[in-house]
Amino acid sequence: MKNNSNASILLKGILKENPVLVLILGTCPTLATTTNVAGAFGMGIAAMVVLVCSNMLISLLRKIIPDTVRIPCYIVIIAGFVTIVQMIVQAFFPALYEMLGVYLALITVNCIILGRAEMFAGKNSVGKSALDGLGMGLGFTLALCVMAFIREVFGNASFAGIEIPFLQPYKIAVLVKAPGGMMVYGALIALVYVITQGRAPLKTDFSCAGCPSAGNCQTGACMKKGEEQ
């Protein structure tokens, strides 16, 4: 039972609760760093290292961190690990450091990392928190790499900066720009929704239950609309 629980913690971040494509977190670095596969992979790995390390330390200290100042404490811990990762990348991977630019430092305020600290690491054991960070980090990296592959290969006719000659005449330049990034992002969100929910996102279940005007509705139009779907 324990193994199944650990496996579900690790795997849920990859698809079922993917931080980018399901929880819709970390949108800024997702759109900014997915024009190149190498940059997207580097951002994903950097964020995953910070996620795992910060989750473990926050879980270890969860019983001694005062509840009233837990968020500032979490941010300080996350910022410390981001600084370490940033210095390592700058020293050993200068090209990647230049490619990621300010977004590497902004991992500190990434909603995914702070969100996992608050929702999971602050309430669970060190081992489970490490698995949660690893799973969410893998999901983040996978989402970035898939999105970067689509944008770079079809938008720039290259892969990790290496030109693909036969695609040059057919590249769709808008994909490496902001509007193209939003289109690819939206398409991937819809695809993951269909995979995880087993139905198209437009087939919404309509009812009067959640309607703010339900009390004044005399025709039952909402219910009729739901029956027609």
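The values are calculated or read from the model by the stated rules, or taken from the named source; none is laboratory data. Values in this document were obtained by computation on a predicted structure and should not be read as measured data. Ideal geometry is used to build each Cβ from the backbone, glycine not excepted, and the neighbour counts take in all protein chains shown.
Return yes when residue 68 is among the β-branched types (Val, Ile, Thr), modelled with pLDDT under 95 and either crowded, with 16+ Cβ neighbours inside 10 Å or part of a helix (DSSP H, G or I) (or both) and no when it is not.
Working: among the β-branched types (Val, Ile, Thr): yes; modelled with pLDDT under 95: yes; either crowded, with 16+ Cβ neighbours inside 10 Å or part of a helix (DSSP H, G or I) (or both): yes.
Yes: the conditions hold for residue 68.
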Subset of the stretch 160-184 that is free of Cβ contacts under 8 Å to residues at least 60 places away in the same chain and not in a helix (DSSP H, G or I) - its residue that is nearest to residue 111 (Cα to Cα): 177
Answer from 104, 51, 134, 61 - the residue that is over 19 Å from the mean Cα position of the chain (by Cα) and surrounded by 14 or more Cβ atoms within 10 Å (Cβ to Cβ): 61
Subset of the stretch 134-159 (residues that are out of contact with any Phe, Trp or Tyr (no Cβ under 8 Å at 6 or more places or on another chain), in contact (Cβ under 8 Å) with a residue 40 or more places away in the chain and not polar (S, T, N, Q)): 134, 135, 136, 137, 138, 139, 140, 142, 143, 146, 151, 155
Output for the stretch 47-64, where each listed residue is of a type in the set (Val, Ile, Thr) and without any contact (Cβ under 8 Å) to a residue 12 or more places away in the chain: 64
Checking residue 197 against (1) modelled with pLDDT under 90; (2) over 22 Å from the mean Cα position of the chain (by Cα); (3) of a type outside the set (A, V, I, L, M, F, W, C), the condition it does not meet: (2)
